[in-house]
Amino acid sequence: MQYKLAVIPGDGIGPEVMEQAKRTLDSIGTRFGHSFTYETLLAGGCAIDKTGGCLPAETVTACKEADTVLLGAIGGWKWDTLPGNERPEQALLGLRKELKLFANIRPAILFEELIDACPLRPEIIAGGLDIVVVRELTGGIYFGEKGYKDTPLGRAAYDVEQYAEEEVRRIARVAFDMAMKRNKQVTSVDKANVLESSRLWRKIVIEVAAEYPEVTLNHLYIDNATMQLVAAPRQFDVILTGNMFGDILSDEASMITGSIGMLPSASLTAGNFGLYEPVHGSAPDIAGQDKANPMAMILSVAMMLRYTFGLTAEADAVEMAVRQVLQKGYRTPDLYRGEDGLTLVGTREVGRLIAEEI
Ligand code: IPM
Ligand code: MN
């Protein structure tokens, strides 16, 4: 089969990890007889430097015409002083909205090989960890009305958290469908003790749950959820939550897996179209030094093969190769603290090793 990918390397470590993702795909292509073509596109800080805007119209058009989108990372110190609506991160938000990617899937899996890199005590994670955060991605406070106004206390700024029932319903269905393929348990996270938007959220989630009698639903307030996630993470299967809470919870979940450098993500439409990106950011402090862990990007490729292309054996092969490289003791700096028996390697070498395993 032939697949046409829109590739957005972005800023910071984005281009480095993207190189290794393409290397992975090329080896999958060779082994399974597929051909992947890449159209490299600008978005983020690099697009600001080259075109004046963070999300050129051609990029959006090319993404819409591609079979799927791979994204590295966006943002960096260089553009931190720009006004809010001109910041590189706007590119990411723009892409999510333009491409209607309302469902963000962030699996947090603690590989056995990385148990020592997990900051939680061994007894808390005994038996492993396999959680999926299902985060609503095109609504909530990220996209609500925002602005400035004058008040007796001086200038005030505001961002509105708003959820319409259909927005809640469609993301809830994604979470319940996912739970049906897993341990049939959904935890919906909100702040229904305070926020009206959360009360509607909860009501709709309960309605959707009625369509899935086999799935157990429970609700947690966000403050309690952040605590439970480190106190007893094994209680979770699928975490369903809004845009802002999902942003926070997925970073927290990533640390349990040893490093944010391990977490892939898929952002999906109602069809099977998707944008795949690592959960980590552009890490400008280590950019260009061959230090970044490309595994999150490479595992995002596995998610792409699985979700958008339905290539299960190919996705399994990528995930297996990542595990084998870990099993053989190779670690990028984020996962290495000088342990005996482990070998410190760089971005390119990890990519090469994974490709070789495939
Ligand atoms: C993420 C990131 C983005 C978000 C930023 C860069 C806009 O933190 O994908 O989690 O907040 O969604
Ligand atoms: Mn985030």
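Need the failing condition index for L95 against (1) of a type in the set (A, V, I, L, M); (2) within 21 Å of I141 (Cα to Cα); (3) open to solvent by 20 Å² or more (accessible area, probe 1.4 Å); (4) in a helix (DSSP H, G or I), just the number.
In the conditions (1) of a type in the set (A, V, I, L, M); (2) within 21 Å of I141 (Cα to Cα); (3) open to solvent by 20 Å² or more (accessible area, probe 1.4 Å); (4) in a helix (DSSP H, G or I), L95 misses (3) alone.
Give me the pairs: first residue in the range 146-163 and among the β-branched types (V, I, T), second residue open to solvent by less than 50 Å² (accessible area, probe 1.4 Å), beta-carbon distance under 8 Å, and six or more apart or on different chains, which are they?
So the pair list comes out as V160/I141; V160/G144.
Restrict the check to the range 311-323 and report whether at least one residue is within 13 Å of ligand 1 (Cβ to nearest atom), in a helix (DSSP H, G or I) and buried (at least 19 other Cβ atoms within 10 Å of the Cβ).
Checked the range 311-323: no residue is within 13 Å of ligand 1 (Cβ to nearest atom), in a helix (DSSP H, G or I) and buried (at least 19 other Cβ atoms within 10 Å of the Cβ).
For the range 188-214, give me each residue that is outside any helix (DSSP H, G or I) and touching a His at 6+ places or on another chain (Cβ under 8 Å).
Within the range 188-214, S188, V189, D190, A192 meet the criteria.
Would you tally the residues in the range 279-310 being assigned to a loop (DSSP other than H, G, I, E, B) and out of contact with any strand residue (DSSP E or B) (no Cβ under 8 Å at 6 or more places or on another chain)? So that I can check it myself, show each step before the final result.
So the first thing to find is which residues in the range 279-310 are assigned to a loop (DSSP other than H, G, I, E, B), and the list is 279-294, 308-310.
Going one step further and asking which of them are out of contact with any strand residue (DSSP E or B) (no Cβ under 8 Å at 6 or more places or on another chain), we end up with 284-294, 310.
Total meeting the criteria: 12.
List the number of the failed condition for K184; all other conditions in (1) within 16 Å of ligand 2 (Cβ to nearest atom); (2) open to solvent by 60 Å² or more (accessible area, probe 1.4 Å) hold.
Only one criterion is unmet by K184, namely (1).
Collect the residues in the range 215-253 that are more than 16 Å from ligand 2 (Cβ to nearest atom), assigned to a strand (DSSP E or B) and under 19 Å from the mean Cα position of the chain (by Cα), keeping them in residue-number order.
V238, L240
Select from the range 57-91 the residues that are within 23 Å of Y3 (Cβ to Cβ) and touching a Leu at 6+ places or on another chain (Cβ under 8 Å) and list them in ascending order.
E58, T59, V60, A62, C63, K64, A66, D67, T68, V69, L70, L71
Just one of (1) within 16 Å of ligand 2 (Cβ to nearest atom); (2) in contact with a Lys or Arg (Cβ under 8 Å, 6 or more places away or on another chain) trips up I74, so point out which.
With respect to (1) within 16 Å of ligand 2 (Cβ to nearest atom); (2) in contact with a Lys or Arg (Cβ under 8 Å, 6 or more places away or on another chain), I74 is out only on (2).
Is there any pair linking a residue in the range 131-142 that is without any contact (Cβ under 8 Å) to a residue 12 or more places away in the chain to one that is surrounded by fewer than 24 Cβ atoms within 10 Å (Cβ to Cβ) and not in a helix (DSSP H, G or I), with Cβ under 7 Å and at least six apart or on different chains, and which?
So the pair list comes out empty.
Can you give me the number of residues within the range 254-278 that are more than 11 Å from ligand 2 (Cβ to nearest atom) and in a helix (DSSP H, G or I)?
Selection size over the range 254-278: 4.
So, restricting to strands (runs of 3 or more DSSP E) that lie completely within the range 110-164, which ones have at least 3 residues that are aliphatic (A, V, I, L, M)?
129-136
State yes or no: is V238 crowded, with 20+ Cβ neighbours inside 10 Å and away from ligand 1 (no atom under 16 Å from the Cβ)?
yes
Quick one: A287 ticks every box in (1) in contact with a Leu (Cβ under 6 Å, 6 or more places away or on another chain); (2) open to solvent by 30 Å² or more (accessible area, probe 1.4 Å); (3) within 16 Å of ligand 1 (Cβ to nearest atom) except a single one, so which number is it?
That leaves (1) as the condition not met.
May I ask you to list pairs of residues, at least six apart or on different chains, whose Cβ atoms are under 8 Å apart, with the first in the range 272-299 being at positive phi and the second being not in a loop (DSSP other than H, G, I, E, B)?
These pairs meet every condition: A283/A73; G288/E16; D290/E16; D290/T347; D290/R348.
Which condition number in (1) at pLDDT 95 or above; (2) surrounded by fewer than 18 Cβ atoms within 10 Å (Cβ to Cβ) is the one that M297 fails?
Single failed check for M297: (2).
The values are calculated or read from the model by the stated rules, or taken from the named source; none is laboratory data. Remember, predicted model here, so these are calculated numbers, not experimental data. Positions of Cβ are generated from backbone atoms using ideal geometry, with glycine treated the same way; all protein chains shown enter the neighbour counts. Heads up: the accessible areas ignore ligands, DNA and RNA and are worked out on the full protein's heavy atoms, side chains in. Shrake-Rupley method; radii C 1.70, N 1.55, O 1.52, S 1.80 Å.
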